[in-house]
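K.L.:
Got a structure for you, written out below as structure tokens; questions coming shortly.
The values are calculated or read from the model by the stated rules, or taken from the named source; none is laboratory data. A quick note: this is a predicted structure, and the numbers were derived from the prediction, not measured. Quick reminder, even Gly has a Cβ in these numbers, built from the backbone with ideal geometry, and neighbours come from all protein chains shown.
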Amino acid sequence: MLRSALLATAALALALPAAAEISGGKVKIAVLNDQSSLYADITGQGSVVAARLAVEDFGGKVAGVPVEIVFADHQNKPDVGSNIARQWYDTDGVDVIVDVPTSSVALAVNEVTREKNRVFLVSGAATSDLTGAKCSPNTVHWTYDTWALANGTGSAIVQTGGDTWFFLTSDYAFGHALERDTAAVVTKNGGKVLGAVRHPLNNPDFSSYLLQAQGSKAKIIGLANAGGDTINSIKQAAEFGIVAGGQNLAGLLVFITDVHGLGLQTAQGLIFTETFYWDLNDGTRAFSKRFAERMNGRVPTMVQAGVYAAVSHYLKAVDALGSDGDGKAVVEKMKAMPTDDPLFGKGQIRKDGRKLHPAYLFEVKKPAESKGPWDYYKLKATIPADKAFRPLAEGGCPLAG
Amino acid sequence: MAELLGIPPQVLFGQLLLGLINGAFYAILSLGLAVIFGLLNIINFTHGAQYMMGAFGAWMLLNWAGLGYWWALLLAPLLVGAVGILIERLLLARIRELDHLYGLLLTFGLALVIQGLFRNQFGSTGLPYQIPEALRGGQNLGFMFLPNYRAWVVGVSLAVCLLTWLVIERTRLGSYLRAATENATLVQAMGVDVPRMITLTYGFGVALAAFAGVLAAPIYQVSPLMGADLIIVVFAVVVIGGMGSILGSILTGFGLGVIEGLTKVFWPEASSTVIFVIMAIVLLLRPAGLFGRGAG
């Protein structure tokens, strides 16, 4: 009697997880990014605020359970990042890790997430390997990638005559991927790469590298770096008369916070690709206003916008599924549902984890053209979603087949 | 054109000059550290934050008070120096009798607090600061384009370094300082107000850091982290030169700037490490540093 009762209980217990089940009685979202160093304004607390806004807009609860948000600083170090990820998954009951700028850290977290079968929503990292050779059934790469940047900015510049290139490349996974993807676009469009120099991450003085770029006589100096490194490259290029000497700079990854930090006087005329700008339409403006109220007047970067949209879509999928325990199943659900949010519009997530939406080619306004704070960009071209990202077959992702 | 080590000589000259310019910052910062260490026996980890405060001081004077670069060059070091004096009076003076480690921990913690406050207020991206009108443009030297502002930086840094060295080595005030470094009690017994001298020396060292910060503002981004990135390198410079050696810190500052500049040509990936490799070698062969006075 007792034995059959026990058996019945056991059978019931086994059957339950198949029905709706939220692990730990709540959905725990963890934002992992740079909270203190050169990418902190691009990602940082702004991404945490964006995730909070997404949860609030969803009503604070999903599938009947509360949503909790935690965050940590990975200091741009892969070992620190993967340790935090492991601890979050193993002991803290985290269901999904969001953002993770710095490609080397993102690649590490990508592997940990696959191993633990949770969910990884990438917004901050750029390397296109996340949906290429290193793609994972547990990962969605939302906002942008190196291929999209190279394709948008690279081809626009080559087509307007900038056909010889020299790269200043940040010496880690991101810079290498960006240089590789851009060089491919340049060559494909009939241009030529004359050389490259690799500088350490977070390098204050670029004069030496700029002099080497100057010596190469390339028409375009491609900046395959980001954040403070891009700012210092552009600032010092002006000082050394690079542009006055007939060479042009191509900022391959420029964020609105970088333009803000440079000032329009120095940044004017820069051309680059982004997938979000706060002043694109009513939806982006409304969100940016709410964001600015909590962020001391700053507008969101595309990374922070991507965190909002990715978290929103994740919550929809968990809500529809009624379960968050099986990371692969959640990501599959995210791919099955079309995406729709006020920041990136309607879109979808491809089999390799690539989120598809339009990309935009922007030019920085002249100081006289800017009408107010943060009014920095002119839209030059819109690249439709099906052209903005690398074709599925070319990435080498095993999930694509 | 003949090539040297696979590089055209023009490029090499250019890189040597650039190295010298970066060395100017190392020299002026390590000089401040050396002065402070010499007299106070404190390893001033706040130095990077004070350099950053100098740059922010210039930005604030321009944007809040409408005072341009030249005023900033004078006022920012005075203001930040005054903050340094407060720090010395309120905090450092209380731990003078304790082990070195306490001073190191205190100044390190202070640096983190100051950087955190600035980051909270201004963000990590930093703020723009334009090169002053009079120093814009540059000269074509044949082998490279030398921005006027960089030439000014090298010139003024050399002048400040030499002046400091002269004051310490060749004046009565300097002799008091050097004497107090050797034996503070004895100097005090002879009627010199050593505690006040210590306070003013710390203020002066801090002012030097702020001065370097103002010089750096138009070149680098005025950012809360600008000092944190630099200070570790500067400490390596001080260790290589020999802790507390005034001339040593100046010469090593310029010398290592040049070596780092050359590394950026021959092996750019290693440019952020080369100074530490040199430090390791110097410590192995001459533990007191190149210009140090031995372990005595």
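K.L.:
Restricting to region A:347-384, count the residues that are touching a strand residue (DSSP E or B) at 6+ places or on another chain (Cβ under 7 Å) and farther than 19 Å from residue A:274 by Cβ. Walk me through it before giving the result.
P.N.:
Just the residues of region A:347-384 that are touching a strand residue (DSSP E or B) at 6+ places or on another chain (Cβ under 7 Å), to begin with: A:347-350, A:353-365, A:376-383.
Okay, now just the ones that are also farther than 19 Å from residue A:274 by Cβ, so A:348-350, A:353.
Result for region A:347-384: 4.
K.L.:
Please go through region A:252-271 and give me each residue that is within 12 Å of chain B (Cβ to nearest Cβ) and of a type in the set (Gly, Ala, Ser), ordered by number.
P.N.:
Correct list: A:261, A:263, A:267.
K.L.:
If we keep just the residues of region B:247-264 that are surrounded by fewer than 24 Cβ atoms within 10 Å (Cβ to Cβ) and among the β-branched types (Val, Ile, Thr), which is farthest from the chain's Cα centre (by Cα)?
P.N.:
In this case the residue turns out to be B:263.
K.L.:
Just the residues that are in contact (Cβ under 8 Å) with a residue 40 or more places away in the chain and away from chain A (no Cβ under 14 Å), please, taken from region B:92-128.
P.N.:
B:92, B:93, B:96, B:100, B:103, B:104, B:107, B:108, B:110
K.L.:
Tell me whether region B:186-206 contains one or more residues that are of a type in the set (Gly, Ala, Ser), under 30 Å from residue A:258 (Cα atoms) and touching a His at 6+ places or on another chain (Cβ under 9 Å).
P.N.:
Applying the first criterion (of a type in the set (Gly, Ala, Ser)) to region B:186-206 yields B:189, B:191, B:203, B:205.
Keeping just the survivors that are under 30 Å from residue A:258 (Cα atoms) gives none.
No - not one qualifying residue is present in region B:186-206.
K.L.:
Now for a different question. Just a yes or no: is a residue in region A:194-201 among the hydrophobic types (A, V, I, L, M, F, W, C), within 14 Å of another protein chain (Cβ to nearest Cβ) and in contact with a Pro (Cβ under 9 Å, 6 or more places away or on another chain)? Please lay out each step first, then the result.
P.N.:
First pass over region A:194-201, keeping only residues among the hydrophobic types (A, V, I, L, M, F, W, C): A:194, A:196-197, A:201.
Going one step further and asking which of them are within 14 Å of another protein chain (Cβ to nearest Cβ), we end up with A:196-197, A:201.
Those left that are additionally in contact with a Pro (Cβ under 9 Å, 6 or more places away or on another chain): A:197.
Yes, some residue in region A:194-201 is among the hydrophobic types (A, V, I, L, M, F, W, C), within 14 Å of another protein chain (Cβ to nearest Cβ) and in contact with a Pro (Cβ under 9 Å, 6 or more places away or on another chain).
K.L.:
Continuing with this model, one more query. Considering region A:161-193 alone, what residues qualify as being within 17 Å of residue A:104 (Cα to Cα) and more than 13 Å from chain B (Cβ to nearest Cβ)?
P.N.:
First pass over region A:161-193, keeping only residues within 17 Å of residue A:104 (Cα to Cα): A:169-181.
Those that are within 17 Å of residue A:104 (Cα to Cα) and more than 13 Å from chain B (Cβ to nearest Cβ): A:173, A:174, A:177, A:178, A:179, A:180, A:181.
K.L.:
Mind telling me which of the residues B:51, B:129, B:149, B:102 ends up being assigned to a helix (DSSP H, G or I), under 17 Å from residue B:221 (Cβ atoms) and modelled with pLDDT under 95?
P.N.:
On the way: B:51 fails: modelled with pLDDT under 95; B:129 fails: assigned to a helix (DSSP H, G or I); B:102 fails: under 17 Å from residue B:221 (Cβ atoms).
Going through B:51, B:129, B:149, B:102 in turn, the sole match is B:149.
K.L.:
Would you check if there is a residue in region A:185-201 being in contact (Cβ under 8 Å) with a residue 40 or more places away in the chain and within 23 Å of residue A:396 (Cβ to Cβ)? Break it down stepwise before answering.
P.N.:
Pass one, region A:185-201, residues in contact (Cβ under 8 Å) with a residue 40 or more places away in the chain: A:201.
If we keep only those that are within 23 Å of residue A:396 (Cβ to Cβ) too, we end up with none.
No, that holds for no residue.
K.L.:
Please go through region A:235-251 and give me each residue that is closer than 14 Å to residue A:205 by Cβ and either facing another protein chain (nearest Cβ under 10 Å) or in contact with a Gly (Cβ under 6 Å, 6 or more places away or on another chain) (or both), ordered by number. Before you say what the answer is, go through the steps one by one.
P.N.:
Taking region A:235-251 and keeping what is closer than 14 Å to residue A:205 by Cβ, we get A:235-237, A:239-240.
Scanning region A:235-251 gives A:235, A:236, A:239, A:240.
K.L.:
In addition: With the condition kept exactly as written, say whether any residue in region A:85-100 is within 27 Å of residue A:183 (Cβ to Cβ), buried (at least 22 other Cβ atoms within 10 Å of the Cβ) and modelled with pLDDT of 95 or more. First the steps, then the outcome.
P.N.:
Of all residues in region A:85-100, those within 27 Å of residue A:183 (Cβ to Cβ) come to A:100.
After this cut, where a residue has to be buried (at least 22 other Cβ atoms within 10 Å of the Cβ) as well, the list is A:100.
With modelled with pLDDT of 95 or more added as a condition, the list becomes A:100.
The answer is yes; a qualifying residue exists.
K.L.:
Report whether or not residue B:121 is surrounded by fewer than 20 Cβ atoms within 10 Å (Cβ to Cβ) and in a strand (DSSP E or B). Break it down into steps so the answer makes sense when it comes.
P.N.:
Values: surrounded by fewer than 20 Cβ atoms within 10 Å (Cβ to Cβ): yes; in a strand (DSSP E or B): no.
Answer is no for this residue.
K.L.:
List the helices (runs of 4 or more DSSP H) inside region A:209-318, counting only whole elements, that have at least 3 residues being surrounded by fewer than 24 Cβ atoms within 10 Å (Cβ to Cβ). Spell out the reasoning first.
P.N.:
On the way: elements: A:228-239, A:256-262, A:264-267, A:282-294.
Where helices (runs of 4 or more DSSP H) fall fully within region A:209-318 and carry at least 3 residues being surrounded by fewer than 24 Cβ atoms within 10 Å (Cβ to Cβ), they are A:228-239, A:264-267, A:282-294.
K.L.:
Only one of A:213, A:148, A:184 is modelled with pLDDT of 95 or more, farther than 21 Å from residue A:98 by Cα and not polar (S, T, N, Q); which?
P.N.:
Numbers: A:213 fails: modelled with pLDDT of 95 or more; A:148 fails: farther than 21 Å from residue A:98 by Cα.
From the options A:213, A:148, A:184, the qualifying one is A:184.
K.L.:
If I ask for residues that are under 24 Å from residue B:228 (Cβ atoms) and within 7 Å of chain B (Cβ to nearest Cβ), which ones from region A:204-218 would you list?
P.N.:
A:204, A:205, A:207, A:208, A:209 - these are the residues of region A:204-218 that are under 24 Å from residue B:228 (Cβ atoms) and within 7 Å of chain B (Cβ to nearest Cβ).
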